[in-house]
Amino acid sequence: PPRLAAAPPPPPHPAPAAPPGRDGRLPRPSAADAGAERGSEDTRPRDSACPAPAAAPVATGDPVLEGKIRQLMALRDSGGPVEGLSDFAKEYGDEAFCRRLLRKYDGDMRRSSYQYTKALRWRENNRELLTTRRRRFAGDYRVVGSDAGGHPIAYLCMKNQLITSREALDHTLVTMLQAVDNMPAGVEKAVHIWDCHGMRLSLNLDPTTVLHIAQAQEGYFAERLHEMIVVDMPRIAVFIKEAVWPFLPARTISKVKFMTSDELRTHLWRNCEEATARRICDAMVLNRDPSVTMEERRQTWMCVDPRGNLVPVIP
C-alpha cells in the first residue's frame, strides 16, 4: 500500500511541540519516561469493575423516572429474578446503571428490565475477567487519549491482530473497561476506532464475535459508546457488516461511521486533543509502512491510564 505522510495539524491547532522526523513519525517515548510512567499505577479497586464514575443525572425531580429506577433496582431483592446472584454482581445494578438503561431504551421498562437482569448475570459469569483484567494478549487495541469533549478514545489496528477475533474477545472487553476507567466526571461514553488496514480474513471469519461485542454494548455497557469509527474497511469485510447489521438497533447504527484514513486524520484534528490526534496519526503511519516490523511496532504501543500517564501496553 502507498505510504502515508504524517498529517501536520491544520489551523487553528498549534504546531506540535516536537516535530516529526524525516520519515513522518513522531518521536518514541524515551526509556526514562516509560520507566517513570510505569511507576504510576491505577489505584481504582478492580473488584468494582466499572460502577464508577457515577453517571450524570438524566433528570431531577421526575417522580416517574425515579419510580422506574426503584423498580429496576428491586429486581435484585428477595423474590426478584436475580435475587440469587452474588453481591459482586448486584452492586453493578446501581442507580447510575438504571439511569443509563432507561435513557438508552427511552424509559421502556420491559426492555430495560431484560437488559438489567442480563447484565447482572453476565457480570456474575465474568467475575474473573472483570476483577483481574487478565486476558490473552490479542494485539494493538488500547486507550490512546481523549477527544475535545473528554471522551476516551480506544484505537485498534487489525494489521497487528495476533489471534482470531473470537480468541480476542476478552482483550476487547478489557479495553472497553479501560475506556470506562478513563472517563472523567460528567463523561459516560467513549470513542472506539477500528483501523481495518492489514485485516486478515482468516482471523476474522466468525461474525458472532462482533455480535457478542454489540450485545455487551446494549446491556452491560449501555450508553457507553459515543461513536465507533471504522477506518479503511476492505471489501472482504463487507460480509461481516452485512451479517451483523440486521441485529443492531438503529440508535447503535447511527453511532457507527465509516472513514478513510485521510478522513480520520481530518476528523481527529478537528475533534481531539492535540496529543491524541498526533498519537493516532503516528500509529497509522507505522501500521502502513511495510519497512516497519511487527516487533518495531510493538515497541511503540503505549496507552493512557486513568491518571493521564502514558504507559506501555505490552504485558
Report task. Could you check the simple spin-label distance between Q71 and T164, using points 7 Å along Cα→Cβ, in nm with one decimal? Result -> 4.3 nm
Report summary line: For S146, other-chain or 5+-apart residues with amide H closer than 5 Å (H placed, Pro excluded) are I153, E273, T276
Query - Hits among aspartates and glutamates - C-alpha to C-alpha of K68 under 14 Å, sequence gap 8 or more where chains match - result: D94, E95, D106, D108
Query - Centre separation in Å (Cα based) which lies between segment 239-315 and segment 69-144 - result: 27 Å
Query - Length-normalised contact order of segment 155-280 in % [C-alpha pairs under 8 Å, at least 6 apart] - result: 26 percent
Query raised in the report: What FRET efficiency would be calculated for the residue pair T208, T293, taking the C-beta separation as r and a Förster radius of 45 Å, to the nearest 0.05?
Result: 0.90
Report task. Express the relative contact order of segment 53-179 as a whole percentage, based on alpha carbon pairs under 8 Å and six or more residues apart in sequence. Result -> 19 percent
**Report entry** Filter on K118/K257; K90/K255; K189/K257; K189/K255; K189/K241 - keep pairs with C-alpha separation over 20 Å
**Finding:** K118/K257; K90/K255; K189/K241
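The numbers here are math on the coordinates, done by the rules we state, and not lab data. Here the structure is a predicted model, which means the values were calculated and not measured. Positions of Cβ are backbone-derived with ideal geometry, glycine not excepted, and every protein chain shown enters the neighbour counts.
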